[in-house]
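Colleague: If you scroll down you'll find the structure; I have some questions about it.
The values are calculated or read from the model by the stated rules, or taken from the named source; none is laboratory data. As the structure is a prediction and not an experimental result, all values here were calculated from the model. Ideal geometry is used to build each Cβ from the backbone, glycine not excepted, and the neighbour counts take in all protein chains shown.
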Amino acid sequence: MKEFARDTLCIHAGYKPGNGEPRVMPIVQSTTYTYESSKEMGDLFDLQAEGFFYTRLGNPTLDCVERKIAALEGGVGAMVTSSGQAASLMAVLNICTAGQHMVCSSAIYGGTFNLFYKTLKEMGVEVTFVPATSTLEELRAAMRENTRCVFAETLSNPALVVTDLEVFAQAAHGQGVPLIVDNTFPTPINCRPFEFGADIVVHSTTKYMDGHAVQVGGVIVDSGKFDWGNGKFPALTEPDESYHGVVYTKQFGPAAYLAKARCHLMRDLGAQAAPMNAFLLNLGLETLALRMERHCANAQKVAEYLESDPHIAWVNYPGLESSEYHKLAKKYLPGGSCGVVSFGIKGGREAAQRFMDSLGMASVVTHVADLRTCVLHPASTTHRQLSEKQLQEAGVPADLIRLSVGIENPEDILADLRQAIAKAAG
Ligand SMILES: *Cc1c(COP(=O)(O)O)cnc(C)c1O
């Protein structure tokens, strides 16, 4: 049978009820699962049999959502986590540990930047940050003998930089290491990074995938395409003594990376998603394709309006021809980018403040990619720990307003913006 299109996968992938079973994916709110013999349980512990035994390592509700997301991204498997932060941390730690090095685009989410810049460094992993616009030669120059992965965001939060994924993948593969891509903003509806050479994808499912702002979650997706047998990843190709000598590449083939992430890191770190949250996430995923279409259409209208308003200093949206990233967006995000538009209002920080305070329908929240239009000033909130130089490098100038355009009627969104801009200017 032909593979379903992505909007169909949103609805049908992951869960197929048997005769007389619930039509809707149930919430299995149980820590554990019973077996008739200790032999069966022992085989599960030895990874010799498949099945659930403890929810930290797997749960039927989580499993369904994981299958759906893996199908959407076109990967061999996925693992949901308690947050996007946990997903990014585990995606890296799974293959890059103390004494090793990673290369990372500097146009990334502020929380990921902190995680890599401070916490990973304290854990002994060195990170070299490079501009998202780096050429192949520049990326190659940042590589070291002990580099174990490259990390980037497809479409960065909040700078909306479109990364040239093929260039990043080529640089990573030239070094014999995988490219990990945070695909939170476009979602697999608008971009599948595996089609452009990425090996591992992570998401904060807190954003568009959920879309309703009701759960914090993350996911790691494995393409199954990276060859771990080049000698750089003994943790995957040599026996894991903490798991009765299992060799992940032998036992799990193309899903070795994901198996290790679950059997080793999830076992030890315990950042698993809650079944209830996975259920809520699945509800969000069911309408993801529809919502993304509307988010993108509304954001395009808003961006075009802002560009025509004389009170606005600058607008950045990959769907605008004036955008520096328009060409890359056409290649990587042909169906649309996301609902986030960033812009600066004339009059700098103070005008930005007045604008935010004057909004009626749009709310000021530390959130993005919600179906309700919302707005944030990163330099004084999510990115406030960054120096002026780091802000510049992350593509987040001090006057940047991040507007997350929702799925309300576009005329209502525009009316709210117009009146707030008039007040900010007056
Ligand atoms: C929000 C976000 C994260 C972090 O996710 P949480 O679910 O908040 O932990 C990571 N990457 C991107 C691009 C994000 O927008």
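Colleague: Being modelled with pLDDT under 95, within 26 Å of residue 214 (Cα to Cα) and more than 19 Å from the chain's Cα centre (by Cα) narrows it down to one of 416, 412, 357, 399, so name that one.
Modeller: Exactly one of 416, 412, 357, 399 is modelled with pLDDT under 95, within 26 Å of residue 214 (Cα to Cα) and more than 19 Å from the chain's Cα centre (by Cα), namely 357.
Colleague: Return the only residue of 92, 103, 127 being surrounded by 24 or more Cβ atoms within 10 Å (Cβ to Cβ), of a type outside the set (Ser, Thr, Tyr), within 16 Å of the ligand (Cβ to nearest atom) and over 13 Å from the mean Cα position of the chain (by Cα).
Modeller: Step by step, each of 92, 103, 127 is checked, and only 92 is surrounded by 24 or more Cβ atoms within 10 Å (Cβ to Cβ), of a type outside the set (Ser, Thr, Tyr), within 16 Å of the ligand (Cβ to nearest atom) and over 13 Å from the mean Cα position of the chain (by Cα).
Colleague: Can I ask one more? Checking residue 229 against (1) more than 12 Å from the ligand (Cβ to nearest atom); (2) touching a residue at least 60 places away in the same chain (Cβ under 8 Å): exactly one of these is not met. Which one?
Modeller: For residue 229, the failing item is (2).
Colleague: Could we say that residue 64 is more than 18 Å from the chain's Cα centre (by Cα), more than 14 Å from the ligand (Cβ to nearest atom) and crowded, with 24+ Cβ neighbours inside 10 Å here?
Modeller: So residue 64 fails the test.
Colleague: I've got another one for you. From the residues in the range 188-234 that are outside any strand (DSSP E or B) and of a type in the set (Asp, Glu), which one is farthest from residue 254 (Cα to Cα)?
Modeller: 210
Colleague: Give the residue, chosen from 168, 151, 194, 185, that is of a type outside the set (D, E, K, R), more than 16 Å from the ligand (Cβ to nearest atom) and buried (at least 21 other Cβ atoms within 10 Å of the Cβ).
Modeller: Sole residue among the options that is of a type outside the set (D, E, K, R), more than 16 Å from the ligand (Cβ to nearest atom) and buried (at least 21 other Cβ atoms within 10 Å of the Cβ): 194.
Colleague: Can you list residue pairs whose Cβ atoms sit under 6 Å apart, with the first residue in the range 28-51 being exposed (fewer than 12 other Cβ atoms within 10 Å of the Cβ) and the second being assigned to a loop (DSSP other than H, G, I, E, B)? Count only pairs 6 or more apart in sequence or on different chains.
Modeller: What qualifies is 31/55.
Colleague: Moving to a separate point now. When residue 223 is evaluated against the numbered criteria (1) under 20 Å from residue 173 (Cβ atoms); (2) in contact with a strand residue (DSSP E or B) (Cβ under 6 Å, 6 or more places away or on another chain); (3) not charged (D, E, K, R), which criterion, by number, is the only one it fails?
Modeller: Every listed condition holds for residue 223 apart from (2).
Colleague: Is it the case that the range 287-299 has a residue that's outside any helix (DSSP H, G or I), under 20 Å from the mean Cα position of the chain (by Cα), modelled with pLDDT of 95 or more and within 30 Å of residue 5 (Cβ to Cβ)?
Modeller: Yes, the conditions are met somewhere in the range 287-299.
Colleague: Now a separate question. Between a residue in the range 182-197 that is in the same structural domain as residue 222 (by TED's automatic domain parsing) and of a type in the set (Phe, Trp, Tyr) and any residue that is assigned to a loop (DSSP other than H, G, I, E, B) and at pLDDT 95 or above, which pairs come within a Cβ distance under 6 Å, given they are 6 or more apart or on different chains?
Modeller: These pairs meet every condition: 185/338; 194/74; 194/223.
Colleague: Out of (1) assigned to a loop (DSSP other than H, G, I, E, B); (2) at pLDDT 95 or above, what's the single condition that is false for residue 63?
Modeller: (1)
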